[in-house]
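Chemist: This is the structure I want to talk about, given as structure tokens.
The values are calculated or read from the model by the stated rules, or taken from the named source; none is laboratory data. This is a predicted model, so every value here is computed, not measured. Don't worry about glycine lacking a Cβ; one is built from the backbone with ideal geometry, like all the others, and counts go over all protein chains shown. The area values use the complete protein model at the heavy-atom level, side chains included, leaving out ligands, DNA and RNA. Shrake-Rupley method; radii C 1.70, N 1.55, O 1.52, S 1.80 Å.
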Amino acid sequence: MKLKFNLIFLVGILISLQVPAQKKKVACVGDSITYGLGLSNPSTESYPGQMQVLLGTTSWQLGNFGDSARLLQKKGYSYWNSGQYTNALAFNPDLVVIALGTNDAYPWALDGSDANFRNDYKALIQSFQILSTKPEVSICLIAPAENSSWGLSNSYIDKVNVDIKQVAIENGVNLIDLHTAFDGHWPSWFQSDAVHPSVTGAGLIAQKVQEMLLMPKPEVSYANGKITAPDGDGYQWYKDGVAVASVDGGNLKEMTIIETGIYKVSIKLNAGNETRIVSKELNLLVLSKIDYKIKSKKVVVFPNPVCEVISVILDNQSENVRYTISDLSGKTVSSGLINNDHNAVNVSKFSAGIYMLKIGSESIKIVKR
């Protein structure tokens, strides 16, 4: 009886010590479309409200930080001056979805002569990225809208969407194409103003944003001095957060790496729309050019790093010289004799890692890829 009681007591302790899983917090930043203006119940019918239902409440917490009529640009009636912007930052999100720009597409607000819009968008993205939670940011192309009495047209929206696409590519953030998503559904899935989505239209936005949030992050591979992206319809590589120029291979699926850095790639998923996802980061240590041919007083070894065969050149010595190669634990993995006529050592069967080549009193580090 006492044993049974102790077991029950122990189980009770273990249950009490269980910590609930931390919910992922998603900040939905935007204007009246995000807020759900014109819907009967914005808290449930807006796209953030509908997406909360799609994702469930066990692991996800959605915050609707939409504020009507706000510009993305810092001028005028700007989101930067909104209490919802302050609330979104205080929310400390794990993920941020920004859907702004419709109000910047009015002729009086649009300024195509400079980069104010793009610069302000970059600053907005960075204001979230510097939070302690280091949230992943996705930005959205503007959904179609047309209202002549308001002075809003799809032709101006197209101009702003070009800038938003450029912002996503230059800053290495995910891009959700909400414009193409409404092909064949505008204005039927919108309210009578042909600007604000209906419940059905908000549901489509919720679906597209959810797809991005749940999409597995692509992983890039590295071999023989090159990094390769998964299949896609377009690419943009980044080194240490900065877009790599096209002349350096920044727009290719496979790019040669010559410098140490943190690399990632933005992948356009298919030809049918502009949606892009950014891969996981890959931290690469690339030895400088001088390390590709390591010299000592008596021995030269190259290439280094090596994939298959290293060449060992002795300093004017033709006699047989014994060599040993050891792993970092000190275990000898290869040994033999070399001279100036026979100086190739095959290391193709070695596991990737660091080894020590010892010849006489000389010890040289070898990096096996």
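Chemist: Taking K280 as the anchor, which aspartates and glutamates have their alpha carbon closer than 14 Å to its alpha carbon, excluding any fewer than eight residues away along the same chain?
Modeler: Within the straight-line limit of under 14 Å, K280 reaches these aspartates and glutamates: E136, E219, D240.
Chemist: Could you identify which residue out of K331, K159, K226 has the top mean-square fluctuation in a GNM of the chain using Cα springs shorter than 10 Å?
Modeler: K331
Chemist: Test of understanding: what is the full-extension gain from S334 to T228, defined as 0.36 nm times their sequence separation minus their Cα-Cα distance?
Modeler: The S334-T228 span can extend by a further 34.9 nm.
Chemist: Right, another one. Whole angstrom only: what separates the Cα centroid of segment 86-159 from the Cα centroid of segment 169-198?
Modeler: 13
Chemist: For segment 181-188, what does the Karplus curve 6.51 cos²θ - 1.76 cosθ + 1.60, with θ = phi - 60°, yield as ³J(HN,Hα) per residue in whole Hz, taken in order and with x for Gly and Pro?
Modeler: 4, 8, 4, x, 10, 10, x, 4
Chemist: Can you flag which of K122/K208; K331/K365; K25/K134; K134/K208; K226/K365; K217/K268 are past 18 Å Cα-Cα?
Modeler: Beyond 18 Å between Cα atoms: K122/K208; K134/K208; K226/K365.
Chemist: Sticking with this one: Give the accessible surface of the chain per residue, rounded to a whole number of Å², with probe radius 1.4 Å and ligands, DNA and RNA excluded.
Modeler: Using a 1.4 Å probe on heavy atoms only, each residue of the chain averages 51 Å².
Chemist: Through the Karplus equation 6.51 cos²θ - 1.76 cosθ + 1.60, θ set to phi - 60°, convert the phi angles of segment 53-67 into ³J(HN,Hα) values in whole Hz; use x for Gly and Pro.
Modeler: 5, 5, 7, x, 9, 5, 10, 10, 10, 9, x, 8, 10, x, 9
Chemist: Additional query: Pull out a ≥ b ≥ c, the square roots of the eigenvalues of the alpha-carbon gyration tensor of segment 144-219, then state rounded if a/c is under 1.5, prolate if not and a/b is larger than b/c, and oblate in the remaining case.
Modeler: Oblate shape, in that a/c is at least 1.5 and b/c is the bigger or equal ratio.
Chemist: Let me ask something else about it. Share of segment 59-141's accessible area from carbon and sulfur, percent, 1.4 Å?
Modeler: Roughly 49 percent, rounded to a whole number.
Chemist: Around L39, what is the net charge, scoring Lys/Arg as +1 and Asp/Glu as -1 over all other residues with Cβ under 13 Å from its Cβ?
Modeler: -2
Chemist: Using θ = phi - 60° and the Karplus curve 6.51 cos²θ - 1.76 cosθ + 1.60, what whole-Hz ³J(HN,Hα) does each residue of segment 165-172 get, with Gly and Pro shown as x?
Modeler: Couplings: 4, 4, 4, 4, 6, 5, 9, x Hz.
Chemist: Once you have a ≥ b ≥ c as the square roots of the Cα gyration tensor eigenvalues for segment 183-234, tell me rounded if a/c is under 1.5, and otherwise prolate or oblate according to whether a/b is larger than b/c.
Modeler: In terms of gyration-tensor shape, prolate.
Chemist: Something else about it: Per DSSP H run of at least 4 residues, take -39500 (n - 2.57); add these up for the chain, divide by its residues and hand me the 222 nm value, nearest 500 deg cm²/dmol.
Modeler: Estimated from H runs of four or more residues: -7500 deg cm²/dmol.
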